[in-house]
Amino acid sequence: MSAKKKLNIKPLANRVLVKRLEESLQKTAGGIIVPDTAQEKPQRGKVVAVGPGRMTEEGKRIKLDVKVGEDILFGKWSGSEITIDGDEFLFMKDEDILAVL
């Protein structure tokens, strides 16, 4: 996603839109380069959009701990993959985020 491109999307409640960070080529101990198709997808990403937070039963809003632009670490099977304007993103709940890097 280029810097000039602006997404017109706003996640709802405690959802976060994340762009996976690309990882470099992996090599085995013997120097064999592992092709992209055989590599696991990275578990790091950059927050692109953040929802306003979830509502409690008392009607109070709990804001999310992450902000747009932060690098995060998320669970292996977290989120739903979506494609917007040819770019791949993940939609996930804030509970799927393990850490801010």
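Within segment 1-31, how many residues turn out to be open to solvent by 70 Å² or more (accessible area, probe 1.4 Å) and modelled with pLDDT of 70 or more? Adding up the residues that qualify gives 7. Here is the figure for segment 62-73: residues that are within 14 Å of Arg15 (Cβ to Cβ) and free of Cβ contacts under 8 Å to residues at least 40 places away in the same chain total 3. Flag: Asp65 does not match the condition of being open to solvent by 100 Å² or more (accessible area, probe 1.4 Å) and either modelled with pLDDT under 90 or polar (S, T, N, Q) (or both). Of all residues in segment 74-101, those satisfying the criterion of being assigned to a strand (DSSP E or B), closer than 15 Å to Arg15 by Cα and either open to solvent by less than 40 Å² (accessible area, probe 1.4 Å) or not β-branched (Val, Ile, Thr) (or both) are Phe74, Ser80, Glu81, Phe89, Leu90, Phe91, Met92, Lys93, Ile97, Leu98. Among the residues of segment 48-73, the one identified as within 19 Å of Leu7 (Cβ to Cβ), of a type in the set (D, E, K, R) and not in a loop (DSSP other than H, G, I, E, B) is Asp71.
Restricting segment 32-56 to residues that are under 23 Å from the mean Cα position of the chain (by Cα) and modelled with pLDDT under 70, the residue that is farthest from Leu73 (Cα to Cα) is Pro35.
The values are calculated or read from the model by the stated rules, or taken from the named source; none is laboratory data. Nothing here was measured: the structure is a model prediction, and the numbers come from that model. FYI the Cβ positions are ideal-geometry reconstructions off the backbone, even for glycines, and counts take in every protein chain you see. Heavy atoms of the whole protein, side chains included, go into the accessibility calculation; ligands, DNA and RNA do not. Shrake-Rupley method; radii C 1.70, N 1.55, O 1.52, S 1.80 Å.
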